[in-house]
1. In 5 Å bins starting at zero, report the fraction of Cα pairs in the stretch 59-177 per bin as a rounded %.
2. What ranking of 56, 159 emerges when the number of other C-beta atoms within 10 Å of each C-beta is taken as an exposure proxy, fewest first?
3. How high is the relative contact order of the stretch 59-177? Use alpha-carbon pairs under 8 Å, at least six apart in sequence, and give a whole percent.
4. Report the normalised scattering of the stretch 77-129 as log10 I(q)/I(0) at q = 0.14, 0.22, 0.26, 0.30 Å⁻¹, calculated by the Debye formula with identical scatterers on the alpha carbons.
5. What is the ratio of the Cα radius of gyration of the stretch 90-158 to 2.2 N^0.38 Å, where N is its residue count, to two decimals?
6. Taking neighbour Cβ counts within 10 Å as the exposure measure, how do 105, 175 sort from fewest upward?
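A short reminder: the numbers here are calculations on the coordinates, not readings from a lab. Just so it is clear, the structure is predicted and the values come from calculations on it, not from any experiment. Every residue, glycine among them, receives a Cβ derived from its backbone with ideal geometry; neighbour counts consider all protein chains shown.
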C-alpha cells in the first residue's frame, strides 16, 4: 500500500509536489482575481440598483419638473423630493419640509412656475443624458439671504441660473439641481 511518506521518499513525489505548487500558483494568479472581480461586480450592482429601479420621474425633463410642482401643490414634500437624483433626495426633503414649516412653499411653487416660462433648454451633444435649462433672475433690491446659517448679501441685479436634469438608466429624468 502506498503512503504519503513513501511517495515523498522517492523521486515519484517530485511531480506531485510540482503539480500542487502549480495549482497553488494558478489559484493565486487566476482564481483570486476572478473572485475579487466577481465581488466588485456584485458591489457595483448593489450600488447602482437604485438608478435602475427608480420610477419617480417623467419621460422628459419638463414632465419631471411638472410632476415635482404637482407634488408640492398637493403638499406631498416626500414625493416631491423623490424627483431629485438619489444623492440629493434627503437634502431636498429637509429643505422642502422647512419651506412647508415656514409657510413659504406657495411662493416657492410660484417661483418654479415662473421659472419654467422663461427658461431656455441647453442640450449637450457630448452627454445626451444631461439637460439644463438656463434662465435669468432679476433681484430688484439689495437683500440678505440665510443659507445654512450664514447671512449672505445679494446685491440687486440680474443673475443667471440653471435647472439641471439627468436621465437615469430606468428611463426617468431626475432633477440634478435647481
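1. For the stretch 59-177, the binned pair fractions read 2, 10, 17, 22, 21, 16, 8, 3, 0 percent.
2. Working: 56 20, 159 12.
Going from sparsest to densest Cβ surroundings: 159, 56.
3. It rounds to 26 percent for the stretch 59-177.
4. Log10 I(q)/I(0), no solvent term: -0.51, -0.93, -1.01, -1.06.
5. Against the empirical 2.2 N^0.38 Å value, I get 1.39 for the stretch 90-158.
6. 105, 175
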